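**Student:** Sharing a structure with you now.
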Amino acid sequence: MPALLECDEVRAGYGRIEVLHGLSLSVPSGSVVAILGPNGVGKTTTMSVISGALPVAGGHIRFDGKDINHVAADERARRGVTLIPEGRGIFPGLSVMDNLLLARTAAGRRASTDVDTALDRVFAFFPRLNERRSQRAGTMSGGEQQMLALSRAMLAEPRLLLMDEISMGLAPIIVGQLFEAIAALRDEGLTIVLVEQYLDYALRFADICYVLRRGMVEFVGEPEELKDSEVLSAALAG
């Protein structure tokens with residue numbers, strides 16, 4: 001499959017501290033790519049630089065064949081790049097429904113269904129949100145907030161969905177519910193890049209795995225190549 005996203009020798013960081021030292025990766029259209037590695041190797045930085053939340057210091061990022069180095073985050077979102085950041089991606093002071101309706105605006109002309117049909121779809125995945133549609137998002141449990149974050153992403157109808165540790169701090173039963181929805185999105189052909197602490201989920205859902213070390217790619221391959229692999233064990237140990 002042709003690449004929907006390409007990172008070519010990308011360098012990025014915070015101030016004078018460079019975190020990515022020439023990172024290269026390719027995400028085929030319709031695939032699920034997992035980015036793995038211990039804390040501090042640049043996983044979240046990679047997601048931030050792809051989404052436009054962090055500028056590129058060197059190298060190139062191409063989305064759908066076009067260089068997006070200098071494209072602002074909001075324009076990337078309009079083109080179909082949606083990020084669920086680490087620590088949720090919601091407006092805590094707004095109601096659940098207002099959060100969902102705001103997210104829908106990102107779909108714009110790309111929307112394939114009317115808003116009522118789109119809402120029915122996310123409420124079918126997460127009935128709790130339907131029950132709490134008038135509740136302030138910040139007063140819900142962590143698991144419910146993450147359901148809302150994923151629902152917001154679904155309503156935006158992304159072409160590329162970036163997910164940074166969506167399971168962090170959640171009970172396994174909630175994680176299972178989230179990944180049921182993600183499985184449905186994958187089966188529909190959505191292109192997904194995920195950073196995930198639950199390795200069994202990452203290896204089960206991914207088509208391609210990238211293992212990072214010190215801001216660079218140490219290993220790239222299919223999940224089967226990583227199972228019981230010394231490369232994975234060494235990388236996760238730091």
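**Student:** Under the condition of being of a type in the set (K, R) and under 27 Å from S141 (Cα atoms), which residue from the range 60-113 is modelled with the highest pLDDT?
**Tutor:** Here the residue is R104.
**Student:** Read through the list (1) surrounded by 19 or more Cβ atoms within 10 Å (Cβ to Cβ); (2) within 17 Å of the chain's Cα centre (by Cα); (3) among the aliphatic types (A, V, I, L, M), then give the number of the only condition that A53 fails.
**Tutor:** Status for A53: all satisfied but (1).
**Student:** Also, I was wondering about something else. Scan the range 206-227 and report the pairs whose first residue is of a type outside the set (D, E) and whose second residue is surrounded by 14 or more Cβ atoms within 10 Å (Cβ to Cβ) and assigned to a loop (DSSP other than H, G, I, E, B), with Cβ atoms within less than 6 Å and a gap of 6+ or a chain change.
**Tutor:** Once the first residue is of a type outside the set (D, E) and sits in the range 206-227, its partners that are surrounded by 14 or more Cβ atoms within 10 Å (Cβ to Cβ) and assigned to a loop (DSSP other than H, G, I, E, B) give V211/G37; L212/G37; L212/V41; L212/G42; R213/V41; G215/G42; P223/A206.
**Student:** Ok, one more. I need every pair where a residue in the range 80-101 that is in contact (Cβ under 8 Å) with a residue 24 or more places away in the chain has its Cβ under 6 Å from the Cβ of a residue that is of a type in the set (V, I, T), sequence separation at least 6 or different chains.
**Tutor:** Here the result reads I84/I166; E86/T44; N99/I90, each pair linking the range 80-101 to a residue that is of a type in the set (V, I, T).
**Student:** Name the single residue that is nearest to the chain's Cα centre (by Cα) among those in the range 69-97 being over 18 Å from I192 (Cα atoms) and β-branched (V, I, T).
**Tutor:** Among them, the one singled out is I90.
**Student:** If you don't mind, there's one more thing I want to ask. Could you go through the range 135-147 and let me know if any residue there is of a type in the set (V, I, T), at pLDDT 95 or above, touching a helix residue (DSSP H, G or I) at 6+ places or on another chain (Cβ under 6 Å) and not in a loop (DSSP other than H, G, I, E, B).
**Tutor:** No, the range 135-147 contains no residue that is of a type in the set (V, I, T), at pLDDT 95 or above, touching a helix residue (DSSP H, G or I) at 6+ places or on another chain (Cβ under 6 Å) and not in a loop (DSSP other than H, G, I, E, B).
**Student:** To continue, here is another question. So which residues in the range 116-134 are of a type outside the set (D, E, K, R), over 19 Å from E188 (Cα atoms) and part of a helix (DSSP H, G or I), if there are any at all?
**Tutor:** Residues satisfying the conditions are P127, L129, N130.
**Student:** Here are the criteria: (1) on the phi < 0 side of the Ramachandran plot; (2) touching a Pro at 6+ places or on another chain (Cβ under 6 Å). Tell me which single one I68 does not satisfy.
**Tutor:** The failed condition is (2).
The values are calculated or read from the model by the stated rules, or taken from the named source; none is laboratory data. Nothing here was measured: the structure is a model prediction, and the numbers come from that model. Glycine also receives a Cβ, built like all others from the backbone with ideal geometry; neighbour counts cover every protein chain displayed.
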